[in-house]
Amino acid sequence: MKPYSPYGLHRVLDAVEALPQQAERLDPSPPPVGGEALIELDRLNLDAASFHQIREEQGGDPDRMRTRVLEVVRSRGKMHNPVTGSGGMLIGSVAQVGERRRDLAAGDRIATLVSLTLTPLSIEDLSGWDGASEQVPARGHAILFETSPFARLPGDLPDRLCLAVLDVAGAPAQVRRLAPDRDRTLVIGAGGKSGLLAMAAAHGRSRHVAGIVHHDRDIPALRDLGFDEVVVADARDPVGTLAAAESAIGTDGAGVADLVVNCVNVPGTEGASILLCREGGTAYFFSMATSFTAVALIAEGLGKDVGLMIGSGYVPGHADLALGMLREDPALRRVFQQRYAS
Ligand code: NAP
């Protein structure tokens, strides 16, 4: 192995010295060295864009989905979906730490707050995964680098609930920073995990909070959480989505919201996000299915001066904030509990 690096460069197997995220292949072999920790896996949470892509590609067949995930992990030493470019995160127990690691010890239960696209990973068994959800029970191990953020799993919330929330904790944390003093925050994909948290984070901070959902079935949960402006539309159809939002919300044709938050798990929704955004507003792309080239070129092509933000999953304090939202809002916790932890 190459000389130890806190960023994990010593685990990069490519000829070119890439950072682990951009590397084609990582070496996940134990033991942990330096400031690393070896994590015994409990569950992976595949990123929603990656899960959706693998499910579509493999026709929803659980055997084929398991085989595909194992293929990716075995060939790359990490769960870095070559089509979507996205990963996910994991929960597990610390099995061993490197000689320089002081803040973790064997037996600690943690969630990694760093993408699976840069986490050295080895999977022995995926047979417990039925392919129906992005939460993947798995046997194997991962390496946490010295510089990689993590969160300790709290004792008062079920692990599966924590996994669901921590996967998308960056979205509500970022929306809390962006939503104050806006007339309207509009969330596309409002019925999903990050969408629900983004709506809740904007509540009481923007004057109005609106959501675009893909199907009627997502309306009741949002209404129960106190949101009246909920529009059903397919965000891959930009003009149709704008028309549906304008007619439901009753705006004047100059865009619908001054903050648009994209939380969908499919490609092709960049145009709707920009059309829905008012001149001078901000469009925040949390979705990993976003083409940032398309975003920039569509905004330019429409002659629209909107702030374009890439959704990094990391915001200081995001894990505590997202878990705190569930503790403080029983209705939100109920929705997450029913969907992701029962
Ligand atoms: P999720 O729970 O699967 O939610 C996605 C939502 O988008 C679903 O409610 C889905 O509705 C909706 N949707 C799908 N197609 C749509 C369309 N054409 N029009 C309108 N809505 C549509 O996903 P998530 O876990 O919240 O993740 C959302 C996105 O964030 C994903 O792209 C994921 O990769 C990304 N992500 C980013 C980071 C980061 O660090 N930036 C971290 C984690 C996740 P239906 O299910 O009814 O189709």
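The values are calculated or read from the model by the stated rules, or taken from the named source; none is laboratory data. Keep in mind that this is a model prediction, so the values were computed, not measured. Note that each Cβ is placed from the backbone with ideal geometry, even for glycine, and that neighbours are counted across all protein chains shown. When the accessible area is computed, the model is the full protein with side chains, heavy atoms only, and any ligands, DNA or RNA have been set aside. Shrake-Rupley method; radii C 1.70, N 1.55, O 1.52, S 1.80 Å.
Using only Cα atoms, locate the centre of the range 290-325 and the centre of the range 192-265, then give the distance between them in Å, rounded to an integer.
16 Å
Sorting check: for 57-63, 216-222, which peptide has the highest mean count of neighbouring beta carbons within 10 Å, and how do the rest follow?
216-222, 57-63
GNM, the chain, Cα, under 10 Å: largest mean-square fluctuation among ARG223, ARG139, ARG278?
ARG223
What nm value, rounded to one decimal, do you get for the distance between GLU17 and ARG217 when each label is placed 7 Å out toward the C-beta?
5.1 nm
Under the 0.36 nm per residue contour assumption, what length would be gained going from the current alpha-carbon distance of SER133 and ARG327 to full extension?
Roughly 67.5 nm would be gained on extension.
Which order do peptides 31-37, 46-52 fall in by mean Cβ count within 10 Å, highest first?
46-52, 31-37
Which ³J(HN,Hα) values in Hz, rounded to whole numbers, follow from the phi angles of the range 161-174 under the Karplus curve 6.51 cos²θ - 1.76 cosθ + 1.60, where θ = phi - 60° and Gly and Pro get x?
5, 4, 4, 4, 6, 5, 4, 10, 4, x, 5, x, 5, 6
FRET efficiency for MET1 and ASP181, Cβ-Cβ distance as r, R0 = 51 Å, nearest 0.05?
With a Förster radius of 51 Å, E is 0.50.
Per-residue counts of other Cβ atoms within 10 Å, averaged by peptide: what ranking do you get for 89-95, 254-260, 292-298, highest first?
Going by the mean number of other Cβ atoms within 10 Å, highest first, we get 254-260, 89-95, 292-298.
Could you give the length gained by full extension between HIS208 and ARG109, i.e. 0.36 nm per residue of separation minus their alpha carbon distance, to one decimal place?
Between HIS208 and ARG109, full extension yields 31.7 nm more.
Out of VAL72, LEU41, SER115, whose Cα points farthest toward the positive end of the dipole of the chain (charges: +1 Lys, Arg; -1 Asp, Glu; placed on Cβ)?
So the residue furthest toward the plus end is LEU41.
I'd like the carbon and sulfur percentage of the solvent accessible area for the range 1-60, probe radius 1.4 Å, heavy atoms only, ligands and nucleic acids excluded.
Solvent-exposed carbon and sulfur of the range 1-60 make up 52 percent of the total.
How many Å² of accessible area per residue for the range 229-342, probe 1.4 Å?
Here the per-residue accessible area is 44 Å².
To the nearest Å, what is the center-to-center distance of the range 1-65 and the range 73-89, using C-alpha atoms only?
One Cα centre to the other: 6 Å.
Go ahead and run the numbers for FRET between ASP27 and SER342, Cβ-Cβ distance against an R0 of 41 Å, rounding to 0.05.
So the FRET efficiency works out to roughly 0.60.
Can you compute the FRET efficiency between LEU302 and ARG152 using 1/(1 + (r/R0)^6), with r the Cβ-Cβ distance and R0 = 35 Å? Round to the nearest 0.05.
Computed FRET efficiency for LEU302 and ARG152: 0.20.
Given a 1.4 angstrom probe, what's the average accessible area per residue across the range 35-166, in square angstrom?
37 Å²
Between helix 62-76 and the chain, what is the angle of the helix's C-alpha long axis to the longest principal axis, kept within 0 to 90° and rounded to the nearest 10?
60 degrees
When the accessible area of the range 238-338 is split by element with a 1.4 Å probe, what percent falls to carbon and sulfur?
Whole-percent figure for carbon plus sulfur exposure: 57.
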